[in-house]
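The values are calculated or read from the model by the stated rules, or taken from the named source; none is laboratory data. Every value quoted in this text rests on a predicted model; they were computed, and no experiment measured them. Neighbour counts run over all protein chains shown; Cβ positions are idealised from the backbone, glycine included.
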Amino acid sequence: MISIRPRDIKTAALAHWPIKLTALALAAMLWAVTEAEEPTTQLVPVNLVVSPPAGRALSFRTPPVQALYAGPARELIKLFASPPLIDVTIPDTISAADYILTLTTRDLVVGGDVNVQAQDVQPRTIRIVLDDLARKTVPVVPIVRIIPDSGYTMFSDVAVIPATIEITGPEAIVSQIDTLHTFATELTRVTAPIRRRVRIDTTSLGVLQLSQRSVIVLAEVGRISERVIMGVPVRIRGRRSSTWVASPPAVVVTLRGPASRLAVLTRDSIELIATPPAAGDSTTAAISVSRPVGVEVFPTPGSVIVRLRGSG
């Protein structure tokens, strides 16, 4: 009786291992090629394009469509890279709200040289609901949060370009839309003016078409600077304003904003306003500020005594 030692088995397994690995790789390759040539069937997604009659729109998105194809696996894989197309135009003679769309394998269009055979389309019928086409221009609201870095601040509100977008679709849906919103966006540690393209959130818009699907978001962000202007006059605004005077007649103003803007401001750039009382001949009135755009204005003191000329 011949006995085989474990060491002999290990030695035999490790002998000529490069040749054995090459043989294994070739076997795997031959198996893959054979499988790729083997005929099979596969459901693949279909791009369905439905064009409604002039002046009308689809009320709902069409459901997903698939087609059953037969052919070699390597050919079927091509259909996933370039899905087949069904392009249907609903006749203008259709006046009803409902239309039943019937799909067949004859409607399928495959691009390129693909050796496959269409066997079925699923679903075979689709209910199309039509409505009158409507258009409307609605404002865009930016859902954007900007967090400046330390030592920086925002000197303007967030703005969008364009401020409005035209929507097109079924009248029943268009009439319910009053505003559009961008996708929620957060920008942190910002140290420079913002100009960024942000997509419109179309998640709940269904079949509505937009004149454009993104807007440009703008915001002025810069390093904080301060400047003090002495003796800015306080103006009286109200009935018979010429008969009233402010005490003190001028105050100190601290400006806070971008250095480039602060540098060009003068006393005439800032309007401080006090309002006289509706009754009586004297009152303490808070100073309101008609500030330059993108600049914060802090008058000191923040209020003045408003009195009739010659009184007090």
Condition check for Val44: in contact with a Phe, Trp or Tyr (Cβ under 7 Å, 6 or more places away or on another chain) and at pLDDT 95 or above: yes
Matching entry among Pro45, Pro139 (being out of contact with any His (no Cβ under 8 Å at 6 or more places or on another chain), in the same structural domain as Val174 (by TED's automatic domain parsing) and not hydroxyl-bearing (Ser, Thr, Tyr)): Pro139
Matching residues, segment 182-206, being under 15 Å from the mean Cα position of the chain (by Cα) and within 16 Å of Ile146 (Cα to Cα): Thr182, Phe183, Ala184, Thr185, Glu186, Leu187, Arg195, Arg196, Arg197, Val198
Selection count where residues are closer than 21 Å to Val293 by Cβ and either in contact with a helix residue (DSSP H, G or I) (Cβ under 9 Å, 6 or more places away or on another chain) or acidic (Asp, Glu) (or both), scope segment 247-262: 3
Options Ser211, Ser175, Ser150: the member that is exposed (fewer than 12 other Cβ atoms within 10 Å of the Cβ), among the hydroxyl-bearing types (Ser, Thr, Tyr), in contact (Cβ under 8 Å) with a residue 40 or more places away in the chain and more than 25 Å from Val264 (Cβ to Cβ): Ser175
Residue count for segment 257-281, restricted to those that are at pLDDT 90 or above and assigned to a strand (DSSP E or B): 4
Segment 209-219: number of residues that are under 20 Å from Leu58 (Cβ atoms) and either at pLDDT below 95 or not in a loop (DSSP other than H, G, I, E, B) (or both): 2
